[in-house]
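The values are calculated or read from the model by the stated rules, or taken from the named source; none is laboratory data. Quantities reported herein were computed from a predicted structural model and do not represent experimental measurements. Positions of Cβ are backbone-derived with ideal geometry, glycine not excepted, and every protein chain shown enters the neighbour counts.
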Amino acid sequence: MPNPVRTNRSPRRFLRVGLQSKMVLVLAFLVIAVTAAHGWLSYNTTRNFLIEGDLHHAGRLAEAIAAAARHDLRSERSTPLEQLVADYVRSDRVRCVALVDAEGTPVVSGCRDLLPDAWRGWIHLPASVSDTRYAEGDVLLLARPIVIRRDEGRDDLLGGVRLVMDTTATSARLAEVQRRTAVVAATIVVCGIPLGYLLVWRAIIQPIRKLAGASRHLGAGEYATRAEIHRSDEIGELAGAFDIMAEQIGEMRSELVAANERLEKKVAERTGDLALANERLREEMAEKEEFLRAVSHDLNAPLRNIAGMATMIMIKHRDAIPEEALARLQRIQANVDAESELIGELLELSRVKSRPEKRRTVDVRAMLRDLAESFEYELTRREIELSLPERAPELYVEPNRLRKVFQNLIDNAIKYMHRDEGGRIEVRYDAAEPGMHHFVIEDNGPGIPREQQKLIFGVFQRGNGNCAAGSKGVGLALVKTVVAKYDGRAWVESEPGEGSAFHLTLSAPTTRPPAESDGPANEWVSEHGASRSAAAP
Ligand code: ADP
């Protein structure tokens, strides 16, 4: 099933806004820079052109005045000079005209209106100075010497002409040019930026977004997704590569799905086979257990009959039976008892799994004290010292089964003790980890050869030379089966000649679940977790 398209807003939004903003900024910068540079260039060109026109015009005027005044200046006739000045002052754009003699003393001057301040100092320049400058108030100041050429190629200084020209028209034209340039620049900026952005959006941002959307859909499992951007530039190439990749992913996915289906089918087949085999095994085990129970049960009845008959013969015909026959009858009875006991243990072993006992809270220390009392006679007789743990938990378990475990182990330790004196059995306890309990039943008996240490936990497995000691080979198998029910383990650590330490771990709660409410069965089993009479010392 395809995954939903993940929108993952923040990074995508950041990228999108970032790219757009960058594009707009770069575009705006470019448009403004180009427009400003172009406006500045055209304004300066126009300004230079107009100024040059003014200068040229003023130069021509000064030359014309000098030419007209040269003769009268040399003959020092002031009236024609005044007339000349007055004529020029009246003319368009000339504001003031002055003529100075060779020493720079003004001979005649005239102004159309108020004299500009710059004029005052400037009119007294030496007659030979040739100078041009702009002054505030839109005026152009111009000073030219008036010379007369001698035949020998030498020039004689006659005086000088000073001219103040009005440049208001030039300034007005420049202002107009400035205004138009600004309008054109603003129009370019206002129209150019959105237009440029539109182009960039269509050329770059839109296909990138389309590609990003297609990637998201592909990631969500829509393997038929294609970018579908048909262009001949790099973005078109990228989109083409994406489409090929999407196609390959789709094909690989289909192959994977097919392989997965094949695998699932195979697993289902195998699981079915396994379940069938399991069921068969369970049935066979149940049949075997049933068979064992039936055989054990059916064997018990004739054995009891044999024992009963032997007892009856011994009681009724005691005096008539010879000593040897009596001894044989007693052996028959003992063997029958041993076989009945073995059958009983085998039945118990098969019941451990199939017939669970009611669980109750067991005070393990009290239970061990109870067991010690039951072994007291044998312990005293064989001078064996049994020590119990200082501390042991209360466990919610099957009481008789747990008791049987410790009984078998202590019984073995006593049974196989080879010392006539100094025999020692120690039961220890520690909480291995929360919920897991660890017991050790250690003795200083004969020990167990290394090669037998694992085998002795199997049914009918007895150690070498133990057949005669009433050994049946079922006790440790029962121990192992019971602890396995509590997720535990049983093992032995032993050095031949030095003794054996049987270890048990079992996992059981230390308190009874609240639903359980059966009454206690004996002293070391209690209803609410505390032992009644065999409390800790
Ligand atoms: P059984 O004691 O009836 O033979 P078990 O299953 O209890 O059956 O013991 C199996 C074998 O393990 C015994 O035959 C004996 O050889 C060995 N064994 C068990 N406990 C001890 C012990 N404490 N010391 C030495 N050998 C032992």
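Quick notes
- Subset of segment 50-97 that is of a type in the set (Lys, Arg) and closer than 16 Å to Arg144 by Cβ - its residue that is surrounded by the most Cβ atoms within 10 Å (Cβ to Cβ): Arg70
- Within segment 369-391, the set of residues being free of Cβ contacts under 8 Å to residues at least 40 places away in the same chain and within 21 Å of Leu478 (Cβ to Cβ) comprises Leu371, Ala372, Ser374, Phe375, Glu378.
- Criterion (of a type in the set (A, V, I, L, M), farther than 30 Å from Arg112 by Cβ and free of Cβ contacts under 8 Å to residues at least 60 places away in the same chain) met by exactly one of Ala212, Ala172, Ala182, Ala186: Ala186
- Residue in segment 522-533 that is touching a Phe, Trp or Tyr at 6+ places or on another chain (Cβ under 6 Å), at pLDDT 60 or above and aliphatic (A, V, I, L, M) present: no
- Among (1) more than 16 Å from the ligand (Cβ to nearest atom); (2) of a type in the set (A, V, I, L, M); (3) over 21 Å from Trp491 (Cβ atoms) - the single one Leu371 does not satisfy: (1)
- Count of residues meeting criterion [under 51 Å from the mean Cα position of the chain (by Cα), of a type in the set (Lys, Arg) and assigned to a loop (DSSP other than H, G, I, E, B)] in segment 356-398: 3
- Among residues of segment 394-420 that are closer than 15 Å to His438 by Cα, those with a beta-carbon under 9 Å from a residue that is within 11 Å of the ligand (Cβ to nearest atom) and not hydrophobic (A, V, I, L, M, F, W, C) at least six positions away or on a different chain give the pairs Leu409/Gly475.
- Residue within segment 391-402 that is within 16 Å of the ligand (Cβ to nearest atom) and under 21 Å from Glu493 (Cβ atoms) present: no
- Condition met for Arg282 (over 20 Å from Gly458 (Cα atoms), at pLDDT 85 or above and either surrounded by 11 or more Cβ atoms within 10 Å (Cβ to Cβ) or out of contact with any strand residue (DSSP E or B) (no Cβ under 7 Å at 6 or more places or on another chain) (or both)): yes
- Scanning segment 213-232 for any residue that is out of contact with any helix residue (DSSP H, G or I) (no Cβ under 8 Å at 6 or more places or on another chain) and within 25 Å of Leu27 (Cα to Cα) turns up at least one such residue.
- Of residues in segment 498-521 being part of a loop (DSSP other than H, G, I, E, B) and hydrophobic (A, V, I, L, M, F, W, C), the one modelled with the highest pLDDT: Ala508
- Of all the listed residues (Thr181, Thr187), the sole one being surrounded by fewer than 16 Cβ atoms within 10 Å (Cβ to Cβ) and on the phi < 0 side of the Ramachandran plot is Thr187.
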